[in-house]
Amino acid sequence: MKKVFSLLLSIMLIASLAPFAQAQEQTTSFKDVPSSYTFYEEIQFLVELGIIAGYEDGTFRPNQEVTRAQAAIMLARELGFENEPPTQTDFSDVSPSSVASGYIQVAVEFGIIQGFQDGTFRPNEPVTRGQLAILLSRSFDLTESEEVTFQDV
């Protein structure tokens with residue numbers, strides 16, 4: 001279980017280097033990701049799996065932060081919820097027309113996402129490492145526990 005968690009966390013952290021546009025038929029060639037790029041192979045792998053996608057202008061923007069909405073899309077796709085249509089969500093700040101809304105709502109229904117106490121999801125804020133740890137744990141039902149100590153947690 002520890003190895004599975006490490007692999008999933010690695011994939012999510014690598015994927016977090018790249019934001020999302022709406023999923024589309026995507027070649028694995030981006031104007032801004034040369035084959036010499038450090039994470040080229042990982043990006044290609046995740047694109048081929050349909051978990052991540054580039055932008056309509058042919059870029060991937062590998063150094064941009066990942067938003068909470070984009071993280072929800074990645075997780076939902078990895079869990080098999082592909083092409084979720086936009087829908088009304090439980091969150092006041094997620095528009096029903098947002099490409100992420102269907103993914104966010106299905107993640108709510110499966111107990112992966114809970115949002116904030118004020119009824120918002122804050123889709124355009126960057127996802128923090130702590131938030132990502134919670135999302136991964138809930139997404140993959142990671143229950144094995146090991147004592148880990150961090151000075152800031």
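Just so you know, all these numbers are worked out from the coordinates, no wet-lab data involved. Since we're looking at a predicted model, the values are computed, not measured. So basically every Cβ, Gly included, is an ideal-geometry build from the backbone, and we count neighbours across all protein chains shown.
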> Points 7 angstrom from Cα along the Cβ direction at T87 and S35: gap in nanometres?
Replying inline: 4.2 nm
> Which value, in Å to one decimal place, does the Kirkwood hydrodynamic radius take for the range 59-122 when every pair of different Cα atoms is included?
Replying inline: 12.0 Å
